[in-house]
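Here's the structure, in C-alpha cells; my notes come after.
The values are calculated or read from the model by the stated rules, or taken from the named source; none is laboratory data. Quick caveat, the model's predicted, so the values are computed rather than measured. Every residue, glycine among them, receives a Cβ derived from its backbone with ideal geometry; neighbour counts consider all protein chains shown.
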Amino acid sequence: LPPDVTVPLKQMARQCGVTFNMALLAIYAVLLHKLSGRDAMVVGVPSVGRWHPDFKSIVGMFVNTLALKCWLSPAEPFSALLERVRGVMLEALDHQDLPFEEVVKMAASGALFNVMYSFHQRSSADWEIPGLSVTSRRRNAAQAKFDLVLIAVDHGEDCRLTFEYRFSLLTEEAVVRFGEYFKAIATVVAENHGIAVRDIATGLELRDSDQVAYDGVYDDDGFEF
C-alpha cells in the first residue's frame, strides 16, 4: 500500500478509535466477504504471547494463535465493522494466555480456520547485541500452512502486503488480483469510512475463478462452519 493509501488509512483508523492493525483486519474481512459471499468468517491471528511483564526479557517462542470470528452485514457502514473487529480482537487478547491447542480440543471440530492474518511493525533500528553480529534474512516459505495468509508489514508511510497461498487451491494470477482488490477496498474506506459494506467497490471485476471454493471448508457459496 503506497503512502497515498496508507497515510489516509491510518488517519481514518485514529478517527474511528481503532489501530492500523484492526483497520487492515477489517479490510481483509471485507475482501473475504466479497470473494466468498458469506457474512461471517474465522480468521487466525498470531499473538506475541508476552502478556506478562516477566516474559519481556526472556528469550524464547511465546507466540500463540487466536481464532477471531469476524461477521458483517452488507448494509452496515464500514465503521460499524471496524468497531466490531476492535471488540473481537480486544476480547481475544484478554484470553491470549489460553493455548491454541486447548481451544482446538474444546472445539472438537477439526480446523477452526483456514485463512490467517498477521501484522508486523518494521523497526528501523539495527540489533546490537554485544559479541554478536546479527544479519536479517528473508524467509522463503516452502509450503503454505493455510489456504490463504495475509502478512502486513507497517513501514511507516507505506505498508507491504504479502500473500501466502495453497497452490492446489489458488493460482498466482488470482492472488495478485486479491492484492489489487485489497488495495482498492483500502482506498475507498480511507476516504469514506461511513460507506456501506455492499457499496464498497473493488474497482475491478470479480471473476468466478476468484471465488474460493473447495470441499470441506468452503462450498460454492463460501465459508462453512
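If I filter region 159-176 for residues that are within 14 Å of Pro2 (Cβ to Cβ) and part of a loop (DSSP other than H, G, I, E, B), do I get at least one hit? First the steps, then the outcome.
Quick first cut of region 159-176, residues within 14 Å of Pro2 (Cβ to Cβ) only: 159-161.
Next, from what is left, pick out any that are part of a loop (DSSP other than H, G, I, E, B): none.
Looking through region 159-176, none of the residues is within 14 Å of Pro2 (Cβ to Cβ) and part of a loop (DSSP other than H, G, I, E, B).
Any residue in region 205-218 that is farther than 15 Å from Tyr28 by Cα, out of contact with any Lys or Arg (no Cβ under 8 Å at 6 or more places or on another chain), at pLDDT below 95 and in a strand (DSSP E or B)?
Among the residues of region 205-218, at least one is farther than 15 Å from Tyr28 by Cα, out of contact with any Lys or Arg (no Cβ under 8 Å at 6 or more places or on another chain), at pLDDT below 95 and in a strand (DSSP E or B), which makes the answer yes.
Between Ala80, Ala67, Ala152, which is part of a strand (DSSP E or B) and closer than 18 Å to Ala186 by Cβ? Please lay out each step first, then the result.
On the way: Ala80 fails: part of a strand (DSSP E or B); Ala67 fails: closer than 18 Å to Ala186 by Cβ.
Only one candidate qualifies: Ala152.
Output the residues belonging to region 35-53 that are touching a helix residue (DSSP H, G or I) at 6+ places or on another chain (Cβ under 8 Å) and crowded, with 20+ Cβ neighbours inside 10 Å.
Leu35, Met41, Val43, Val45
Which pairs turn up if I take residues in region 116-129 that are part of a loop (DSSP other than H, G, I, E, B) and look for partners that are modelled with pLDDT of 65 or more and surrounded by 13 or more Cβ atoms within 10 Å (Cβ to Cβ) with beta carbon separation below 6 Å, at least 6 apart in sequence or on another chain?
Pairs that qualify, where the first residue is part of a loop (DSSP other than H, G, I, E, B) and the partner is modelled with pLDDT of 65 or more and surrounded by 13 or more Cβ atoms within 10 Å (Cβ to Cβ), are Arg122/Val153; Arg122/His155.
Going through Ala80, Ala67 one at a time, which residue ends up being farther than 19 Å from Cys159 by Cα, aliphatic (A, V, I, L, M), free of Cβ contacts under 8 Å to residues at least 12 places away in the same chain and surrounded by 14 or more Cβ atoms within 10 Å (Cβ to Cβ)?
Details: Ala67 fails: free of Cβ contacts under 8 Å to residues at least 12 places away in the same chain.
Residue meeting the stated conditions: Ala80.
Give all pairs with beta carbons closer than 8 Å in which a residue from region 93-106 that is under 11 Å from Leu66 (Cβ atoms) and at pLDDT below 80 meets a residue that is part of a loop (DSSP other than H, G, I, E, B) and among the aliphatic types (A, V, I, L, M); count only pairs at least 6 apart in sequence or on separate chains.
Once the first residue is under 11 Å from Leu66 (Cβ atoms) and at pLDDT below 80 and sits in region 93-106, its partners that are part of a loop (DSSP other than H, G, I, E, B) and among the aliphatic types (A, V, I, L, M) give Val103/Leu112.
Kindly evaluate Ser118 against the criterion of being closer than 30 Å to Cys16 by Cβ and at pLDDT below 90.
Values: closer than 30 Å to Cys16 by Cβ: yes; at pLDDT below 90: no.
In short, no.
So in region 13-64, with the set limited to residues that are modelled with pLDDT of 85 or more, of a type in the set (A, V, I, L, M) and not in a helix (DSSP H, G or I), which one is nearest to Val115 (Cα to Cα)?
Result: Val43.
Just for region 145-178: of the residues that are of a type in the set (Gly, Ala, Ser) and either within 20 Å of Thr202 (Cβ to Cβ) or touching a His at 6+ places or on another chain (Cβ under 7 Å) (or both), which one is surrounded by the fewest Cβ atoms within 10 Å (Cβ to Cβ)? Even if it seems obvious, please write down each step before you answer.
Here is the first cut: in region 145-178, the ones of a type in the set (Gly, Ala, Ser) are 152, 156, 168, 174.
Restricting the remaining residues to those that are either within 20 Å of Thr202 (Cβ to Cβ) or touching a His at 6+ places or on another chain (Cβ under 7 Å) (or both) gives 152, 174.
Numbers: Ala152: 21, Ala174: 17.
Per the criteria, the residue is Ala174.
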